């Protein structure tokens, strides 16, 4: 049986797809057969971040409607042969998703894969609801920013009430915090919410902090999940996150950041 | 604390303002989230029953739901109108 992970946030632009791509690649690189599904029907982007946009033939909706088999629609990743991508449809809208259809696809994927990563769309509409409905674990991607924290809290409410686990009175979805686009120097100068502030409000198990990093844009420009950029801080942060999720103990990094002598003297303004 | 920070006027940092606003907002939103879905209907029906006997305003009745670790409390608060008024409405 596969473990189903939803990557969610409520708010858009916080790094859900970047995170989904990175952790799916990380899990596969660790030897676990992993599938990643784009739930953002009508606005698919995961294919771009994974660099497989020109290899999309069939999509998630085709599989739900029986127009293609799962094996026809899955795209094997070019960097890791244990990773498969199921792209969203670009021409349909979110109403093409159905609870039963999504359930059937996940069930079939569960036979073959160890992990299924569901990249949720922003918002709290159908796509987002269905992405979380069947989840076992939730990665709540949050920026240290007021509207993102609020939306994350709203998502936590939905995770605990609108999932299949909640409906069946099963053990609740395991929720983890991923604090992304964190800028330690701005935290230090008091212009950005600190990890502790966010934790005081959300009180979730912290899976990791991803510092604001130029390499995220570079990676998405090239269509390579940032976790493969092992030299970058963001890549290392995601590496840590995957290891922690798999049960490894790793000290948290990127909370304090590096500070040069001049910055200490004149204040960090980057 | 940097050298320049030392000379900057000491005003509250924007992050602590953000945190304070969030704490208030999130607490407020969570109190609604945990309410049972029947609450608005219950409030409406209770009001209808009470109005059969006493003439009270819509605002005179409040239903609060609170959740502790191990118990749920439903608090019903009705502000009755002045004695004479209500007396009249009962005996007419």
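Spacing of the modelled spin labels on residue A:196 and residue A:93, each 7 Å from Cα toward Cβ, amounts to 4.8 nm. Using equal-weight Cα scatterers in the Debye expression, the normalised intensity of the protein assembly as shown in log10 at q = 0.07, 0.10 Å⁻¹ is -0.40, -0.71.
Return the FRET efficiency for the residue pair residue A:53, residue A:253: r is the Cβ-Cβ distance, R0 is 25 Å, and the value is rounded to the nearest 0.05. With a Förster radius of 25 Å, E is 0.20. A Förster radius of 51 Å, combined with the Cβ-Cβ distance separating residue B:79 from residue A:100, puts the computed FRET efficiency at roughly 0.55. Label sites at residue A:111 and residue B:20, each approximated as a point 7 angstrom past Cα along Cα to Cβ, lie 6.0 nm apart. Computed over the alpha-carbon pairs of segment A:101-164, the distance histogram in 5 Å steps reads 3, 16, 28, 24, 15, 9, 4, 2, 0 percent, short to long.
Which residues does the label zone of residue A:43 cover in segment A:122-138, counting backbone N under 13 Å from a point 7 Å along Cα→Cβ? The answer is A:122-128, whose backbone nitrogens lie closer than 13 Å to the label point. By the compact-protein rule of thumb, 2.2 N^0.38 Å, the alpha-carbon radius of gyration of segment A:1-129 corresponds to a ratio of 0.94.
Using every pair of separate Cα atoms, the Kirkwood estimate puts the hydrodynamic radius of segment A:55-182 at 15.9 angstrom. Take A:120-126, B:20-26 and order them by the average number of nearby Cβ atoms within 10 Å per residue, most first; the result is A:120-126, B:20-26.
Ranked by how many other Cβ atoms sit within 10 Å of their own Cβ, fewest first, the residues B:49, A:141 fall in the order B:49, A:141.
Computed on the Cα atoms alone, the convex hull of segment A:46-114 gives a volume of 92 cubic angstrom per residue.
I want to verify the translational diffusion coefficient of segment A:155-263 in µm²/s; compute it with Stokes-Einstein, Rh as the Kirkwood radius over Cα pairs, at 10 °C and 1.306 mPa s. The diffusion coefficient I find is 101 µm²/s.
No value in this document is a laboratory result; all are computed from the given coordinates. The shown structure was predicted, so the numbers you read here are calculated from the model rather than taken from an experiment. As a convention, Cβ positions derive from the backbone with ideal geometry for all residues, glycine included, and neighbour counts pool all protein chains shown.
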